[in-house]
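Asker: Below is one structure. I have some questions about it.
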Ligand SMILES: Nc1ncnc2c1ncn2[C@@H]1O[C@H](COP(=O)(O)OP(=O)(O)OP(=O)(O)O)[C@@H](O)[C@H]1O
Ligand SMILES: [Mg+2]
């Protein structure tokens, strides 16, 4: 199965969407093959949740097409949206009431997930207001997994979890993907998490968004250790469109060369001149030609633009 096999893939074609006069998606296309984990990454407000809602058929785009072979999609929202009058166990079991399962089967499936997701029987009796933010997120994931979906759309589902719990959640999802029963598209702000979890990373531009880069990671997720993830993040950020979309430029000075009194261009101006797509809405530093990226569970990483090779290098 390949990305060019549209009958067994989630395919978004030329999606355009606006809220009133605010253009959010501008001809966005992506293909996620069945049985893969995709990560969507982009700046806050670029339209990731909007795109996920469109792919989950919760929102109708202004134009464009969605095709997919899935029958049982599940969505984990950015806000966990638990039912406040049900305890943790009943929230997890909620979706099961719509399936042809006996009460005993429903109960057994919910209990299995309560254990798998790291809760105690005592936790299972708690109501949403008695749960931490991370516990609410884990409950929302368990509720989605309970229906045994074939497509899982995850909107920053693990941003309140520490690195160990994130790994546990990945380990819960990954075997279902490996058995070929599940396709996952997850929004994350954390490139290190994407490098750890994804088979394919889609990078969105600032709004109105398009996919500006797509990266395939062939190494199986369980074999990716810390060194691999660090090297992979460096590799991803060496890609100019990805760096342009994600990095936060350290320097606030952005004075065009033409406006300088002596009309000269300093060293950093030439960095800007050689960086592809540097005329975007988030121009890089003209003063230092450097940028930083801070992942959730990785140290701050610093990059410099190498004008000889036209690439970003970590330092
Ligand atoms: N229901 C809505 N009505 C009007 N505007 C909306 C609506 N939903 C989202 N928007 C706007 O669309 C843009 C994209 O929002 P969206 O939630 O998709 O961004 P995002 O990439 O998910 O951001 P974040 O990373 O902060 O979650 C924002 O400018 C937002 O204000
Ligand atoms: Mg969002």
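Asker: Treat each spin label as a single point 7 Å out from the Cα along the C-beta direction, and report the residue 225 to residue 59 distance in nm.
Answerer: Once both label points are built, they end up 4.2 nm from each other.
Asker: Each label point is 7 Å from the Cα along the Cα-to-Cβ direction; what then is the distance between the points at residue 16 and residue 115, in nm?
Answerer: The modelled label-to-label distance comes out at 5.4 nm.
Asker: Counting pairwise Cα distances across segment 1-102, what percent come out greater than 21 angstrom?
Answerer: Everything past 21 Å amounts to 48 percent.
Asker: Find the Rg to Rh ratio for segment 30-154, where Rh is the Kirkwood radius over alpha-carbon pairs and Rg uses the same atoms.
Answerer: Numbers: Rg = 15.9 Å, Rh = 15.9 Å.
When Rh is taken as the Kirkwood radius, the ratio is 1.00.
Asker: Mind checking the log10 I(q)/I(0) for segment 84-143 at q = 0.20, 0.23 Å⁻¹? Debye, one equal scatterer per Cα, no solvent, two decimals.
Answerer: Log10 of I(q)/I(0), two decimals: -0.67, -0.87.
Asker: Of all alpha-carbon pairs in segment 94-250, indicate the percentage at a distance above 22 angstrom.
Answerer: Of the Cα pairs, 49 percent sit more than 22 Å apart.
Asker: For segment 73-149, what relative contact order do you get, as a whole percent, if you take Cα pairs closer than 8 Å and at least 6 residues apart?
Answerer: Computed value for segment 73-149: 53 percent relative contact order.
Asker: In whole angstrom, note down how far apart the Cα centers of segment 9-43 and segment 182-211 are.
Answerer: Between the Cα centres of segment 9-43 and segment 182-211 lies a distance of 11 Å.
Asker: Turning to a different aspect of this structure: So for the pair residue 66, residue 218, with labels modelled 7 Å out along Cα→Cβ, what separation do we get in nm?
Answerer: Reported label-point gap for residue 66 and residue 218 is 3.3 nm.
Asker: How high is the FRET efficiency between residue 189 and residue 103 when r is their beta carbon distance and R₀ equals 41 Å, given to the nearest 0.05? Don't skip to the end; give the middle numbers.
Answerer: Details: r = 40 Å, r/R0 = 0.98.
Efficiency, from the Cβ-Cβ distance: 0.55.
Values in this text are rule-based calculations from the coordinates and carry no lab data. In this text the structure is predicted, and so the values were computed from the model without any measurement. Heads up, the Cβs are rebuilt from the backbone with ideal geometry, glycines too, and the neighbour counts pull from every protein chain shown.
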